[in-house]
Amino acid sequence: TLRRKTYVVRASQPIFLLILCAGTFIMGAAIVPLSIDDGITNDHGCDVACMTVPWLASTGFVMTFAALFSKTWRVNRIFNNPRLTRIKVTAFDVMIPLLVLLGLNFAVLSVWTGVSPLTWTRDVTDEDIFGRPTESLGYCYSEDYLPFVILLVGLDLGALMFASYQSYLARGVSTEFAESEYIGKAIACMLLVSFVGVPTMIIVMDEPRARFFVLSSILFVLL
């Protein structure tokens with residue numbers, strides 16, 4: 001990366017910064033398949049787009065906060081050393097939680113995709129006096145989606161809680177090495193988005209354009 005050897009970049013641990021950027025990009029990319037419907041592609045393309053959204057959103061989220069957790073954990077192991085002895089903690093030493101969370105995330109998404117994937121469904125919501133459809137609603141649906149969503153939310157919250165805990169432990173470390181203050185502000189922003197966004201999503205669930213706008217806005221703010 002540019003200026004990789006400068007003090008500020010080295011203190012920020014470039015490998016974790018790259019993972020953060022990759023996670024943010026992947027999570028933001030979920031907005032693209034959200035915009036696809038059967039007016040753009042065929043039913044198979046819509047099915048693929050439906051299942052791509054949780055893959056991108058959940059994987060990107062876990063990558064972002066697992067990287068924050070691993071990065072801050074490394075700082076804590078170095079600065080909060082009770083024995084006051086010289087220790088060396090490589091990036092790989094603290095990558096295990098990140099790899100475990102990603103592995104669990106991939107496992108849940110793979111089983112969901114294989115067992116009961118989201119598929120594109122279009123229901124007629126209104127007809128004329130001759131029984132011809134005049135209005136319909138298209139959406140992604142899966143009969144057994146709830147257990148998988150609960151597991152993914154649990155993993156996402158786990159990554160968030162781990163990052164929060166490590167940030168709390170690093171509250172006394174200089175900001176140039178650990179960004180506990182900024183992580184706290186980011187988490188507060190995410191909670192606010194959840195409190196406002198989830199009820200709004202429920203209200204506009206039957207309005208495709210409004211639902212797309214709210215979902216896209218939530219993903220954009222989470223970035």
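Out of the residues in the stretch 49-66 that are within 11 Å of Phe162 (Cβ to Cβ) and among the aliphatic types (A, V, I, L, M), which is surrounded by the fewest Cβ atoms within 10 Å (Cβ to Cβ)? Within the stretch 49-66, the match that is surrounded by the fewest Cβ atoms within 10 Å (Cβ to Cβ) is Val62.
Cβ separations smaller than 9 Å between residues 6+ apart or across chains give the following pairs from the stretch 133-155 residues that are under 14 Å from Val115 (Cβ atoms) to residues that are exposed (fewer than 12 other Cβ atoms within 10 Å of the Cβ) and at pLDDT 85 or above: Asp144/Val115; Phe148/Val115. Each residue in the stretch 98-115 was checked for being more than 17 Å from the chain's Cα centre (by Cα) and not hydrophobic (A, V, I, L, M, F, W, C), and 2 pass.
The values are calculated or read from the model by the stated rules, or taken from the named source; none is laboratory data. Because the structure is a prediction, the values reported are computed rather than measured. Cβ sites come from the backbone with ideal geometry, for glycine too, and all protein chains shown count toward neighbours.
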